[in-house]
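For reference, the structure discussed in these notes is given below.
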Amino acid sequence: MPVLTKRYPKNCLLAVVDRYLAVVCNMEQVVMIPSLLRDVHLGGHGGQAQMGAPDLYTYFTMLKTIRMDVEHGLLPREEWQAKVAGRKADEAGKEAAETEEAKEEVSGELDLETQFHVHFSSLHRILTHLTVKAQEVTRKYQEMTGQVL
């Protein structure tokens, strides 16, 4: 795994982002044949996968996509909506987004510090969870291919 060269306080968002990027980069280097991850699930309690849980290939592609967003920035809102909607943004979605933006502007002016702390802690928690998932995908791939050290 790549060694982190920057020093940040343990719970600093930048440290969490760097850790996530390093773990996903390591996952990409270890997983040489991603298609082996199809239809393989992380074992839940007792080694059984949860009903409807995504397979490791889905996690692998999701983690890589999120890494690209973190490294290169977000797509403009319209492009992101089109991507999520399967390359087709409908008018109802645009109207709903505009209404939501207007609500966010009004509520955003009320208590920006509280909103910042809520989003900041959520981002920290999500990135930490995604880092653990990337480590699990890497570990499972290594088990499957006999690369466990």
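The values are calculated or read from the model by the stated rules, or taken from the named source; none is laboratory data. Since the model is a prediction, treat every value here as computed from it, not as a measurement. A quick note on method: Cβ atoms are made from the backbone with ideal geometry, for glycine too, and the neighbour counts reach across all protein chains shown.
Please go through segment 16-38 and pick out each residue that is within 20 Å of G146 (Cα to Cα), in contact with an Asp or Glu (Cβ under 8 Å, 6 or more places away or on another chain) and assigned to a helix (DSSP H, G or I).
Selection gives L37 alone.
Within segment 26-49, can you find the residues that are within 18 Å of the chain's Cα centre (by Cα) and at pLDDT below 90?
The answer is H41, L42.
Which number in (1) at pLDDT 80 or above; (2) surrounded by 11 or more Cβ atoms within 10 Å (Cβ to Cβ) marks the one condition that T114 misses?
(2) is the only condition that T114 fails.
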